[in-house]
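Asks: Quick one: the structure is below, questions incoming.
The values are calculated or read from the model by the stated rules, or taken from the named source; none is laboratory data. Predicted model only: the values in this text are computed from it and were never measured. Every residue, glycine as well, gets a Cβ built from its backbone with ideal geometry; the counts of neighbours run over all protein chains shown.
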Amino acid sequence: MLDTGYRVEIPGGINLDAQVVGPIPRCFAFAIDLAIRGIIFFVLLIASIPFGPTGLGGGFLLIFLFAVEWLYPVLFEVYWRGQTPGKKALGISVINDDLTPVTLGVSLVRNLLRSIDFIPLFYLVGLVTMLSNRRFQRLGDLAAGTLVISVRESNRPALQRDIVPLAPSTPLLRTEQTSIIEFLQRSQQLSEPRQRELAAILEGITHEKGDDGVEQLHRIGAWFLGVR
């Protein structure tokens, strides 16, 4: 049977699990995003009519069309937790292969290579590549080191209690991200004094002390794990 499970072991012997998704939900998500981009293109086209098909109007139209086509997925993936509107509708998300959130550079690489995945006709190379590896990665994913995973409620890690996720106030290194995730995953096995002791080490990230620091780490860890 096809196993779509994916596991990453982080320091401390903690396993992070995810479910990679295949071509079908990705195609549906792409279709939704394509329709949204089409609507944006149409609105821009109508808005450019008063300025004429050539000259200033045509120039701005081409610039906006380029920006929408290439920056639409990048901005959503970086600033909307790896999800374009289409991916969000299908309950899937782009993430690094170590299960940390994608960064701007990573998203740019995977999306710029869509032009190669498109060859020779409507993502044929991308489809063949996805079907040729167990992680369903197209060429852009292989080059950028990314995966597309399911983030539906049933696949989210169980937490001891309800936690309101909190985005970190500053960009964090991958080692810092995995440390916070590890802290959250192991918190149920740690005493409260031990949690406060570990939280003190990361006080430079949370800017909080004691129980407040522990709470901040829990919330940031939940955010990295995709709890929304």
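Asks: Consider region 184-206. How many of its residues are outside any helix (DSSP H, G or I) and either out of contact with any helix residue (DSSP H, G or I) (no Cβ under 9 Å at 6 or more places or on another chain) or exposed (fewer than 12 other Cβ atoms within 10 Å of the Cβ) (or both)? So that I can check it myself, show each step before the final result.
Replies: Applying the first criterion (outside any helix (DSSP H, G or I)) to region 184-206 yields 190-191, 202.
Filter once more, so that each one left must be either out of contact with any helix residue (DSSP H, G or I) (no Cβ under 9 Å at 6 or more places or on another chain) or exposed (fewer than 12 other Cβ atoms within 10 Å of the Cβ) (or both): 191.
The qualifying residues number 1.
Asks: Across region 108-150, which residue is farthest from residue 97 (Cα to Cα) among those that are small (Gly, Ala, Ser) and not in a helix (DSSP H, G or I)? Can you show your working first?
Replies: Of all residues in region 108-150, those small (Gly, Ala, Ser) come to 115, 126, 132, 140, 143-145, 150.
Next, only the ones that are not in a helix (DSSP H, G or I) stay: 132, 145, 150.
Numbers: 132: 17, 145: 6, 150: 13 Å.
Taking the candidates together, the pick is 132.
Asks: Next up: When you look at residue 205, is it under 22 Å from residue 101 (Cβ atoms) and touching a Phe, Trp or Tyr at 6+ places or on another chain (Cβ under 8 Å), yes or no?
Replies: No: the conditions fail for residue 205.
One line per residue, one yes/no per condition, for (1) without any contact (Cβ under 8 Å) to a residue 60 or more places away in the chain; (2) of a type outside the set (Val, Ile, Thr); (3) out of contact with any helix residue (DSSP H, G or I) (no Cβ under 7 Å at 6 or more places or on another chain):
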site: 110; (1), (2), (3): yes, yes, no
site: 119; (1), (2), (3): yes, no, no
site: 125; (1), (2), (3): yes, no, no
site: 128; (1), (2), (3): yes, no, yes
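Asks: Got at least one residue in region 74-81 being at pLDDT below 85 and surrounded by 12 or more Cβ atoms within 10 Å (Cβ to Cβ)?
Replies: Checked region 74-81: at least one residue is at pLDDT below 85 and surrounded by 12 or more Cβ atoms within 10 Å (Cβ to Cβ).
Asks: Only one residue in 220, 181 is modelled with pLDDT under 85, of a type in the set (A, V, I, L, M, F, W, C) and either within 22 Å of the chain's Cα centre (by Cα) or not in a helix (DSSP H, G or I) (or both), so which one is that?
Replies: After applying the criteria, what remains is 181.
Asks: Further question on the same structure: Could you list, in sequence order, all residues of region 88-139 that are among the basic types (Lys, Arg) and in contact with a Ser or Thr (Cβ under 6 Å, 6 or more places away or on another chain)?
Replies: 110, 138
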